[in-house]
Structures are given as C-alpha cells and as structure tokens.
Amino acid sequence: MGHHFEIYRDKAGEFRVRFKYNAEVMFSTEGYSSKASAQNAIDSIKKNGPGAEVVDNS
C-alpha cells in the first residue's frame, strides 16, 4: 500500500485524518468529534483536491 488515508484517534480522543505515502505522513487534519466528520474530510479532499491550485507564498 504505497499511499492511503488513515483515520485515528488522538490523545484528546478526537478523530483525525492523516495521509501517508510510503509510510511517511504527508499531512494531517484538525481534530473532529465524530468519525463521520473525519470521513467527510477525506471525501472532500478526494473530490476537491485534484483541481486545487498551488499558492506559493515563499
């Protein structure tokens, strides 16, 4: 499994999503109170991510 989304519980008990590529965490989300909200975040990233522009603030 080269890349995947992972839903997990943090130390505060909130659900978070992280995206891993080759076992390296590329990003993680804010905490959500429900697993359904974490899944909604994944669905939104999958739907809206491919067309997202890149903003270079360097």
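None of the figures in this text is laboratory data; all of them are computed from the coordinates on show. Nothing here was measured: the structure is a model prediction, and the numbers come from that model. Cβ atoms come from the backbone with ideal geometry, glycine included; neighbour counts cover every protein chain shown.
Taking Lys35, Lys11, Lys47 in turn, the Gaussian network model of the chain (Cα-Cα springs below 10 Å) assigns the largest fluctuation to Lys11.
Charge dipole of the chain (Cα centre as origin; +1 on each Lys and Arg Cβ, -1 on each Asp and Glu Cβ, all else neutral): 280 debye, rounded to the nearest 20.
In whole percent, what relative contact order does the chain give with Cα contacts below 8 Å and a gap of six or more residues?
26 percent
Quick check: the angle from helix 35-48's long axis to the longest principal axis of the chain, C-alpha only, nearest 10 degrees? With rounding to tens, the tilt is 10 degrees. The order of the peptides 48-55, 15-22 by mean Cβ neighbours within 10 Å, most packed first, is 15-22, 48-55. Summarising the overall dimensions of the chain from its C-alpha atoms, the Rg and Dmax are 12.5, 35 angstrom.
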